[in-house]
Amino acid sequence: MQTAAAVTMVRDDLFFLKAWLRHYGGTLGRENCYVVNHGRGSEVADLAAGCNVIGLPGDAHRNFDIKRWGFLNGLVGGLRRYYRYVIVGDVDELVVVDPDAGTDLRGFLEAVPDRRVLTPLGLEVIHRVDVEQDAITDRVLGPRRHVRPAPQYSKPCVIGAPTKISRGGHFSQFGKLYTPENLYLLHLKFCDYDHYAAAMDRRNAVTAEIGAGISDSAVGRHWFASERGDDKATFEAFTRLPLVDDFNFRPTRRRMQRSWRPRGETGYHEFDRTDPGTQYVLPERFTGLV
């Protein structure tokens, strides 16, 4: 049985797809990467050459997220028959291992016991437009070094046991919480002002095409123009987040464990997702990792 595969669904997000392919293709091998090409875009197919590309119709649908995660749940379940672990998430989400662990992602997962669901700690890479002037031309980490804790992106996304994942990938029905030291999920949505604005334009165009509102559709609120807010103000707010010097998230992982509980009667499980409203500078060892 192979160690690990990575799965994502993408439509037109070429900037993030390049980072996804560079990261997972480099550490797991492109033959173990599965790219669901929503809309059968030729540029997506070209970039993902050497991966397992699955083309799907790209018709707009008000229940897009339900359809998407229903498909991804089925795909992950099937791949688990061939891989010990399957990493699943959006194209702007990358699971990484702290270089201090002395291994890469494949090596890390080779050492993890079987039949677990792993929840990396979520960190959002933010573009500090006041101090980070360089464009991202290749690697993200280097031109961008600032992160903020993002509890909603501490997702149960490394699947090694039978389970169902919720819409958005935020919760699973696996009953035990594993939060390994040194394992992180980097969310890249805010890593670059210009690419953020372009991605939001595309998402707003999709919801406009659907023609449904927030209350009568199963699409994330952030896809709607009415929820977008002012892009400049969004990034300026990052400059005001208190900067924490100590890059140490052991207390955060302990709080996740202490608050672990069933999510009502849904069959899913959750932990407290309190946003500390802080930021950190990634240690130099992370530079060039993605």
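I want the antiparallel fraction of DSSP beta bridges within the chain, as a percent rounded to 5.
Taking every DSSP beta bridge within the chain, about 45 percent pair in antiparallel fashion.
Run the dipole for the chain about the Cα centre, Lys and Arg Cβ at +1, Asp and Glu Cβ at -1, nothing else charged, and hand back the magnitude in debye, nearest 20.
So the magnitude is around 1200 debye.
What is the ratio of the Cα radius of gyration of the stretch 112-153 to 2.2 N^0.38 Å, where N is its residue count, to two decimals?
1.60
Accessible area per residue, 1.4 Å probe, Å², for the chain: what's the number?
45
List the chymotrypsin sites (Phe, Trp or Tyr not before Pro) within the stretch 33-90 that fall in a DSSP loop (any state other than H, G, I, E or B) and whose Cβ has at most 12 other Cβ atoms within 10 Å.
Qualifying residues, ordered by number: Y82.
Out of the total accessible area of the chain (probe 1.4 Å, heavy atoms of protein only), what percent is carbon and sulfur?
About 47 percent, which is the carbon plus sulfur part of the accessible surface.
Under 20 Å between alpha carbons, and skipping anything fewer than 8 positions from K232 in its own chain: which lysines qualify?
Reachable lysines: K189.
Starting from the Cα gyration tensor of the stretch 1-149, take the square roots of the eigenvalues, sort them a ≥ b ≥ c, and report rounded, prolate or oblate (rounded when a/c is under 1.5, otherwise prolate if a/b is larger than b/c, else oblate).
Note, shape of the stretch 1-149 comes out oblate.
Among G55, G175, G74, which one moves the most in a GNM of the chain with springs linking Cα atoms closer than 10 Å?
G74
Using label points projected 7 Å from each Cα along Cα→Cβ, tell me how many nm separate Q257 and F71, to one decimal.
Inter-label distance under the simple model: 3.9 nm.
For E236 and D272 in the same chain, what is the full-extension length gain: residue separation times 0.36 nm, less their Cα-Cα distance, in nm?
10.3 nm is the gain from fully extending E236 to D272.
The values are calculated or read from the model by the stated rules, or taken from the named source; none is laboratory data. Predicted model, so just to flag it, every value in this text is computed and none were measured. Quick reminder, even Gly has a Cβ in these numbers, built from the backbone with ideal geometry, and neighbours come from all protein chains shown. Keep in mind that these areas ignore ligands, DNA and RNA; they rest on the heavy atoms of the full protein, side chains included. Shrake-Rupley method; radii C 1.70, N 1.55, O 1.52, S 1.80 Å.
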